[in-house]
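Chemist: First the structure, which I've put down as structure tokens, then a few questions once you've had a look.
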Amino acid sequence: MNDSNNDIREQKKISLDIVLNQISSFDSKASVVVSIMGIVFALSFTVIEIISDKADKVKPQIFIFFILFLISIITSLTFSVLVLFPKNRKGKTSKKSLTYYKDLRDIMSDDEYMMLFKDANDCGISIEQIKQNAIICSFKHLMLKISIIFMIPTVLFFLITTILLIWL
């Protein structure tokens with residue numbers, strides 16, 4: 001029976017590690033997307049300067065592509081930041097948990113912490129913790145995917161606008 005409990009505990013630890021690694025990976029990828037979009041956004045100021053210098057000669061399609069570029073870059077940046085933005089637990093609960101950092105912050109005594117730890121029974125790793133982190137992971141994945149989907153047209157609109165400015 002003890003081996004079975006150890007196997008379950010080990011499997012829960014492996015599952016939690018996999019989810020936490022994936023969360024870390026999504027955070028890193030979102031940081032890269034924010035960096036790339038920041039560089040492209042900085043380059044767009046050059047395009048704005050060129051457009052303002054040639055305001056009387058600039059064709060409407062250049063403005064259209066540039067507006068589409070701005071919309072897509074703002075959308076991409078917004079979703080990338082949402083990946084990095086911390087989430088709070090939804091709803092109020094009277095029971096404190098070892099899996100939520102704000103509950104741990106509010107613990108006033110060592111005895112209260114030890115009581116929570118004993119109640120958790122599996123070195124603090126619970127199904128609730130795995131589930132909550134999986135929900136966070138799923139949210140981060142969705143936001144990153146949307147951000148990357150908007151990143152592709154951002155780059156295309158920027159290139160098209162730049163090419164149109166050079167050739168027209």
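Chemist: At 7 Å along Cα-to-Cβ for each site, give me the label-to-label distance between H141 and K87 in nm.
Modeler: Using points 7 Å along Cα→Cβ, the separation is 1.2 nm.
Chemist: Same structure, new question: From the convex hull of the Cα coordinates of the range 11-78, what is the mean projected area in square nanometres?
Modeler: Numbers: hull surface 21.2 nm².
Taking the Cα atoms of the range 11-78, their convex hull projects to 5.3 nm² on average.
Chemist: Have a look at N5, L164, V83 and report the one farthest towards the positive end of the charge dipole of the chain, computed about the Cα centre with Cβ charges (Lys/Arg +1, Asp/Glu -1).
Modeler: L164
Chemist: If you don't mind, there's one more thing I want to ask. Give the residue from I136, S15, S52 lying farthest towards the positive end of the charge dipole for the chain; charges sit on Cβ (+1 for Lys and Arg, -1 for Asp and Glu) and the dipole is referred to the Cα centre.
Modeler: Checked the options; the winner is S52.
Chemist: Continuing with the same structure: Return the sequence-ordered ³J(HN,Hα) values of the range 62-77 in whole Hz as given by the Karplus equation 6.51 cos²θ - 1.76 cosθ + 1.60 applied to θ = phi - 60°, using x for Gly and Pro.
Modeler: So the J values, rounded to whole Hz, are 5, 4, 4, 5, 5, 5, 4, 4, 4, 4, 5, 5, 5, 5, 4, 4.
Chemist: Let me ask you something else. Taking 7 Å along the Cα-to-C-beta vector as the label spot, tell me the F45-M108 distance in nanometres, rounded to one decimal.
Modeler: Once both label points are built, they end up 5.1 nm from each other.
Chemist: Name the residue from M151, I74, I62 whose Cα lies farthest towards the positive end of the charge dipole of the chain, charges +1 on Cβ of Lys and Arg and -1 on Cβ of Asp and Glu.
Modeler: Among M151, I74, I62, the one farthest towards the positive end of the dipole of the chain is I62.
Chemist: Same structure, new question: Please work out the FRET efficiency for the pair D53 and L159, using the Cβ-Cβ distance as r and a Förster radius of 35 Å; give the result to the nearest 0.05. Show your work: numbers first, answer last.
Modeler: Working: r = 20 Å, r/R0 = 0.57.
For R0 = 35 Å, the calculated efficiency reads 0.95.
Chemist: For the chain, calculate the relative contact order in percent as a whole number, restricting contacts to Cα pairs under 8 Å that are 6 or more residues apart. Present the calculation step by step, with values, prior to reporting the outcome.
Modeler: Values: 134 pairs, mean separation 73.8, N = 168.
That works out to 44 percent.
Chemist: Go ahead and estimate [θ] at 222 nm for the chain from helices alone: -39,500 (n - 2.57) per DSSP H run with n ≥ 4, summed, over the residue count, rounded to 500.
Modeler: -28500 deg cm²/dmol
Chemist: If you don't mind, another one. Got a sec to turn the phi values of the range 14-22 into Karplus ³J(HN,Hα) couplings, 6.51 cos²θ - 1.76 cosθ + 1.60 with θ = phi - 60°, whole Hz, x for Gly and Pro?
Modeler: Per residue, the Karplus-derived 3J(HN,Hα) values read 4, 4, 5, 4, 4, 5, 5, 5, 5 Hz.
Chemist: Compute the Kirkwood hydrodynamic radius of the chain, taking the inverse of the mean of 1/r over all pairs of distinct Cα atoms, and give it in Å to one decimal. List each step's numbers first, then the result.
Modeler: Numbers: mean 1/r = 0.0513 Å⁻¹.
Answer for the chain: a Kirkwood hydrodynamic radius of 19.5 Å.
Read the figures in this text as sums done on the coordinates, not as results from a lab. Only a predicted model underlies this, so the values are computations on that prediction, with no experimental measurement involved. Please note: Cβ atoms are built from the backbone with ideal geometry, for glycine as well, and neighbour counts cover all protein chains shown.
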